[in-house]
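Written out below as structure tokens is the structure these notes cover.
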Amino acid sequence: MDTARYVFAVLLVIFLPPAVAWWFIVHPFVGFWRRRGSVVTMSILATLLTAGILALFSIRRALVGPDLGYYPALLVLAGVLMSGALWIAVLRRRHLTFRVLAGIPEIEAENGPEALLDEGIYARIRHPRYVEVVLGTWAYALFSNYLGAYVVAALTVPLIHLVVLIEERELVARFGDRYESYRSRVPRYLPRRD
């Protein structure tokens, strides 16, 4: 169990920061990336992502930090959060393709906007993928119970919210009144009770 907990902590601290950084590189500089095209952009971003993961892997012990111990109650809580993340993932995958997830529509916007995602789970909350990431991150942190995993999980919440704010600005620019109308009807993270 100790090895599994450590592996989960390492996976969290080396993969999540570069993945979140991806969006801070894409959304604020979308005009720059559009001029380069999707192939060049994805090649550059994949190289940066890989370099970030490898760099963090080289300092993984320092990033993971101390082991805070094994507690079965934390495993139960991690299981509940991961179940929620997986449930959202199943619902989200029906509508969000890998192409959209990777940010290609933002980069190829001059080819015309893709359809606005506003059905299925997207009719209940605007950003299920980010809710899924936060739940999964906290599940990993609780399962591993390493200090570094908790630091990454705690930083993920405000960083994901900032990504959402930047992304929504870009969605308004791309979809205009259609997104404004959608935004007024559908809550950002938590569904309304009907």
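Between helix 128-144 and the chain there is an angle of about 10 degrees, using the helix long axis and the longest principal axis of the Cα atoms. Per residue, the average separation of C-alpha pairs within less than 8 Å and at least 6 apart gives the chain a relative contact order of 34 percent. Going by the alpha-carbon gyration tensor, a ≥ b ≥ c the square roots of its eigenvalues, is the range 61-128 rounded (a/c under 1.5) or, if a/c is not under 1.5, prolate (a/b greater than b/c) versus oblate? It comes out oblate by the Cα gyration axes. Annotation note: chymotrypsin sites (Phe, Trp or Tyr not before Pro) in the range 27-135 located in DSSP loop regions with a Cβ neighbour count of at most 16 within 10 Å are F29, Y70.
Less than 5 angstrom separates the built amide H of Y146 from those of L68, all sequence-distant by 5 or more or on a different chain.
Axis of helix 38-58 versus longest Cα principal axis of the chain: the two differ by about 10°, to the nearest ten degrees.
Here the gap between E180 and L48, fully extended at 0.36 nm per residue and compared with their Cα-Cα distance, gives a gain of 44.2 nm.
Among L86, L49, L68, the largest mean-square fluctuation in a Gaussian network model of the chain, built with springs joining Cα atoms closer than 10 Å, belongs to L68. Computing Rg/Rh (Cα atoms, Kirkwood Rh) for the structure here picks out one of (i) 0.97; (ii) 0.95; (iii) 1.00, namely (iii). Rounded to the nearest 10 degrees, the angle from helix 72-93 to the longest Cα principal axis of the chain is 20 degrees.
Values quoted throughout were computed directly from the atomic coordinates according to the rules given, and no laboratory measurement underlies them. If you're wondering where the values come from, they're calculated on a predicted model, not measured in any experiment. Virtual Cβ from ideal backbone geometry, glycine too; neighbours counted across all protein chains shown.
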